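The values are calculated or read from the model by the stated rules, or taken from the named source; none is laboratory data. Nothing here was measured: the structure is a model prediction, and the numbers come from that model. Heads up, the Cβs are rebuilt from the backbone with ideal geometry, glycines too, and the neighbour counts pull from every protein chain shown. Protein only, heavy atoms only, side chains kept; ligands, DNA and RNA dropped before computing areas. Shrake-Rupley method; radii C 1.70, N 1.55, O 1.52, S 1.80 Å.
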Amino acid sequence: MRVLVVEDEHDLRHALEKTLREEGYAVDGAEDGEEGLYKAESWDYDTVVLDVMLPVMDGWTVLERLRRTKKTPVLMLTARDSVKDRVRGLDLGSDDYLAKPFSLVELLARIRALIRRSAGAASSMIDLGDVQVDTAKRAVFQKLQPVELTAREYALVEMLSFRRGKVVTRTELYDHLFAEEDQTLSNLLDVHVCNVRKKLGKNFILTRRGHGYVIEG
Ligand code: CA
């Protein structure tokens, strides 16, 4: 899953990007509102973390303009726990907010919840027969035994699981699993698919030639 962090405070932005990458998200950053809006309009992010106080264009304006074309889940970062700010954000179409200072653990939980909600998943557990995907713990079990996946392998399984039964194209997978700065080697995705099959069975992810990949179940 791919997240955009729009935040002008360098230290905070880098800390957020680093934490999100460690969790297996593909992460892009933007340091002002204009760059943030441009990226949010250019890519289908799974969540945008949007600071309110930004140079060039503030977070309110970014949100208002983005909502003219896109429903991307937006988590606003407000400077303080102000009811007025929260209401304004929700009225403009934000999906959630966090008041600064916040804990990274809470931010991660809220991002997981936003992604679940936009995928239409009522529960954090996705049941695929032999395999269960726990999107809260970001863990995968097969016949009740934990299966060790890398962060990127997990992201691939999670995205296909959220859309089980539907073919996800290679382009969509690249857009959601890799960030701007990732190497877009043409076989990178195939390597991850191959590794997941080694761990969860060769028929866990099916190839639809010319279309993409699918998890049945
Ligand atoms: Ca700021």
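Quick notes
- Residue that is farthest from VAL62 (Cα to Cα) [pool: residues in region 31-44 that are at pLDDT 95 or above and among the hydrophobic types (A, V, I, L, M, F, W, C)]: ALA40
- Filter result (assigned to a loop (DSSP other than H, G, I, E, B) and within 16 Å of the ligand (Cβ to nearest atom)) within region 43-76: VAL52, MET53, LEU54, PRO55, VAL56, MET57, ASP58
- When residues of region 99-123 are limited to those that are in a loop (DSSP other than H, G, I, E, B) and within 16 Å of the ligand (Cβ to nearest atom), the one surrounded by the fewest Cβ atoms within 10 Å (Cβ to Cβ): PRO101
- Residue pairs whose Cβ atoms lie under 7 Å apart, separated by 6 or more positions or on different chains, with the first residue in region 91-106 and under 17 Å from THR72 (Cα atoms) and the second among the β-branched types (Val, Ile, Thr), are SER94/VAL74; ASP95/VAL74; TYR97/THR78.
- Candidates LEU144, LEU156, LEU149: the one that is surrounded by fewer than 15 Cβ atoms within 10 Å (Cβ to Cβ) and of a type outside the set (S, T, N, Q) is LEU144.
- Top-ranked residue of region 4-30 - restricted to ones that are more than 16 Å from GLU181 (Cα to Cα) and acidic (Asp, Glu), ranked as modelled with the lowest pLDDT: GLU23
- Selection count where residues are at negative phi and part of a loop (DSSP other than H, G, I, E, B), scope region 77-98: 6
- Hits in region 191-213 - residues which are part of a strand (DSSP E or B), of a type outside the set (Ser, Thr, Tyr) and open to solvent by less than 30 Å² (accessible area, probe 1.4 Å): GLY212
- Each residue in region 5-42 was checked for being within 15 Å of the ligand (Cβ to nearest atom) and either open to solvent by less than 10 Å² (accessible area, probe 1.4 Å) or outside the structural domain of THR69 (by TED's automatic domain parsing) (or both), and 7 of them qualify.
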